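Take a look at the structure below.
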Amino acid sequence: MKIAFDAKRITHNSTGLGNYSRYIVDILSEYYPHSSYLLFSPSPGKDNLRNKLTSRDNITYNYPEGIKKYVKPYWRSRLILDELKEKGVDIFHGLSNELPLGINKSGIPSVVTIHDLIFLRFPHFYKPIDRSIYNYKFKRACKEADKVIAVSEMTRRDIINYYGIDENKIVTIYQGCDKTFETDPPKAIKEKVKGKYSLPERYILNVGTIESRKNLLLLLRALTEIEDEEIKVVVVGRKTAYYEEVEQFIAEKKLHDRVIILNGVTFAELPSIYRMATLFVYPSYFEGFGIPIIEALHSEVPVIAATGSCLEEAGGASSLYVNPDKPLELANKINYVLNNDEIRQNMINDGKEYVKRFMPDIIASQIMSLYEDLLKKKG
């Protein structure tokens, strides 16, 4: 089978959509090595991002030749169809909410992954122009695709409710995290990371972009009510304008000695930071899925997350959940876990069992079965 992917995020994006795209191609090419995986991107992008994807003989990159830079967006959205036909592609998968215009008339079966419709649920988090573009691209892709992959049941329901897409056309296939989180890094590496960032013995970890939707302030407000005054909060994430509010709150409450904002953390260092954490807190108002929770569960760290989106799907029944607007509720849950070693260990053990459903072989099998069913219907 020849499977083509929109690979712009693979070559250009270092975070969410890029990580998902690289992950899907990586696990498919590993567990189904006899298929060919053709990655179409407007340019080679960044070497370090391509290198994150395991190099295999069944993976090839395809870039437009002989066209000017300003034409490349048009190549990605329409001209690519000619190349897909020339190369005899069996399936096209848009990994990041988009499909080429007219693919439904090309004769090539298509799949699109929709990650979330947060811009419709929480429009105030987005610029009007961005909302308009996203809505046009996502809705059209859902309508034109032969099958839609939703990364959570929450996203699946949103696609049905906002876009009126037939529920039989949508399949929920969860996503996993990078394999490096599945194993405990060597002690020497953890000690090196601990020293580099001056990490405390015990800390509550938060990972994610420091933006209003991720709701870091809830954790900081809860910190003022936590009984253990020695425990600290460690934050790993890119700063946005919202960071000014965070910084102001830290100053007002004199929390400088209890909150550590890490800069320049590499992806290779992240598993160690997870493994050494006492607790992971993810108070986001809304997510498409919540990969940091999966990373924490693999890292044997108990999780407290927010209600209201799909985080219960990522964390399972043994993780704890709180209202994202109630800091005292979060503080009480944190105190509960920190003061009960048996509860904390049970959360860790149950989390290790729950997270097995997000293992790469399972996800690869679900996606490949979807491809095969599409080809059978094509006849």
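Read-outs throughout are calculated quantities, based only on the coordinates presented, and are distinct from any laboratory measurement. Everything quoted here is computed from the prediction, not taken from an experiment. Ideal geometry is used to build each Cβ from the backbone, glycine not excepted, and the neighbour counts take in all protein chains shown.
Sort I231, I189, I294 so that the residue with the fewest other Cβ atoms within 10 Å of its own Cβ comes first and the one with the most comes last.
Working: I231 18, I189 15, I294 23.
Neighbour counts put them in this order, fewest first: I189, I231, I294.
At a 10 angstrom cut-off on C-beta neighbours, averaged per residue, how do the peptides 271-278, 157-164 rank from highest to lowest?
Details: 271-278: 22.2, 157-164: 16.6.
Top of the packing list down: 271-278, 157-164.
Hey, what did segment 179-356 get for relative contact order, percent, Cα under 8 Å, at least 6 apart?
Working: 300 pairs, mean separation 43.3, N = 178.
Worked out over segment 179-356, it gives 24 percent.
How about K196: which aspartates and glutamates have a C-alpha closer than 15 Å to its C-alpha, ignoring those fewer than 8 places off in the same chain?
E269
Whole angstrom only: what separates the Cα centroid of segment 1-65 from the Cα centroid of segment 264-324?
Here the two parts' Cα centres lie 26 Å apart.
Please give the calculated 222 nm ellipticity per residue for the chain, where each DSSP H segment of at least 4 residues contributes -39500 (n - 2.57) and the sum is spread over every residue; nearest 500 deg cm²/dmol? Walk me through the numbers on the way to the answer.
On the way: 16 runs with 156 residues, N = 379.
Value at 222 nm, helices only, nearest 500: -12000 deg cm²/dmol.
Which residue fluctuates the most in the chain, going by a Gaussian network model with Cα springs under 10 Å, if the choices are L297, L328, L311?
L328
Using θ = phi - 60° and the Karplus relation 6.51 cos²θ - 1.76 cosθ + 1.60, list the HN-Hα couplings for segment 79-91 in order, rounded to whole Hz, with x at every Gly or Pro.
4, 4, 4, 4, 5, 4, 5, 4, 8, x, 5, 8, 9
If each residue's Cβ is checked for other Cβ atoms within 10 Å, how do D146, D325 rank with the fewest at the top? Can you show the working numbers first?
On the way: D146 19, D325 13.
In order of increasing Cβ crowding within 10 Å: D325, D146.
If you take the square roots of the eigenvalues of the alpha-carbon gyration tensor of segment 1-160 and sort them as a ≥ b ≥ c, do you get rounded (a/c under 1.5), prolate (a/b over b/c) or oblate? Kindly include the intermediate steps, with their values, before the conclusion.
On the way: a/c = 1.42, a/b = 1.35, b/c = 1.05.
Taking the square roots of the gyration eigenvalues as a ≥ b ≥ c, segment 1-160 is rounded.
How far is helix 187-196 tilted off the main Cα axis of the chain, in degrees rounded to 10, range 0 to 90?
80 degrees
Over the chain, what is the mean sequence separation of C-alpha contacts under 8 Å (at least six apart), divided by residue count, expressed as relative contact order in percent?
Details: 641 pairs, mean separation 52.7, N = 379.
Relative contact order of the chain: 14 percent.
What fraction of the DSSP beta bridges in segment 179-356 is antiparallel, stated in percent and rounded to the nearest 5?
Details: 0 of 18 bridges.
Bridges in segment 179-356 that DSSP calls antiparallel: roughly 0 percent.
Classify the chain as rounded, prolate or oblate from the Cα gyration tensor: take a ≥ b ≥ c as the square roots of its eigenvalues, call it rounded if a/c is under 1.5, otherwise prolate when a/b beats b/c and oblate if not. Provide the component values of the computation, followed by the final result.
Values: a/c = 1.87, a/b = 1.76, b/c = 1.06.
Here the chain falls in the prolate category.
Less than 11 Å Cβ to Cβ from I293, Lys/Arg counted +1 and Asp/Glu -1: what total charge do the surrounding residues give? Could you put the intermediate results ahead of the total?
Working: positive: none; negative: E287, E295, E312, E313.
That works out to -4.
If amide hydrogens are placed 1.01 Å from N in the peptide plane, which non-local residues have theirs closer than 5 Å to the one on V322?
Here the answer is A305, A306, T307, since their amide H atoms fall under 5 Å of that of V322.
Helix 243-252 sits at what angle to the longest principal axis of the chain, using alpha carbons and giving 0 to 90 degrees rounded to 10?
For 243-252 against the chain, the angle is about 0 degrees.
Quick one: helix 360-378 against the long Cα principal axis of the chain, what's the angle to the nearest 10°, folded into 0 to 90?
Between helix and principal axis, roughly 30 degrees.
Neighbouring Cβ atoms within 10 Å as the yardstick, rank H115, H93, H124 fewest first.
Numbers: H115 21, H93 25, H124 8.
The fewest-first ordering by Cβ neighbours comes to H124, H115, H93.
Which lysines have a Cα less than 22 Å from the Cα of K72, not counting those fewer than 8 places away in the same chain?
Counting by Cα, and skipping residues close in sequence, K72 has these lysines nearby: K8, K46, K85, K87, K105, K137.
Which one, A296, G94, G195, is farthest towards the positive end of the dipole of the chain when Lys and Arg carry +1 and Asp and Glu -1 on their Cβ?
It is G94.
Say the dipole of segment 151-249 comes from +1 at the beta carbon of Lys and Arg and -1 at that of Asp and Glu; which of G176, G164, I226 then lies farthest toward its positive end?
Of the candidates, G176 comes out farthest on the positive side.
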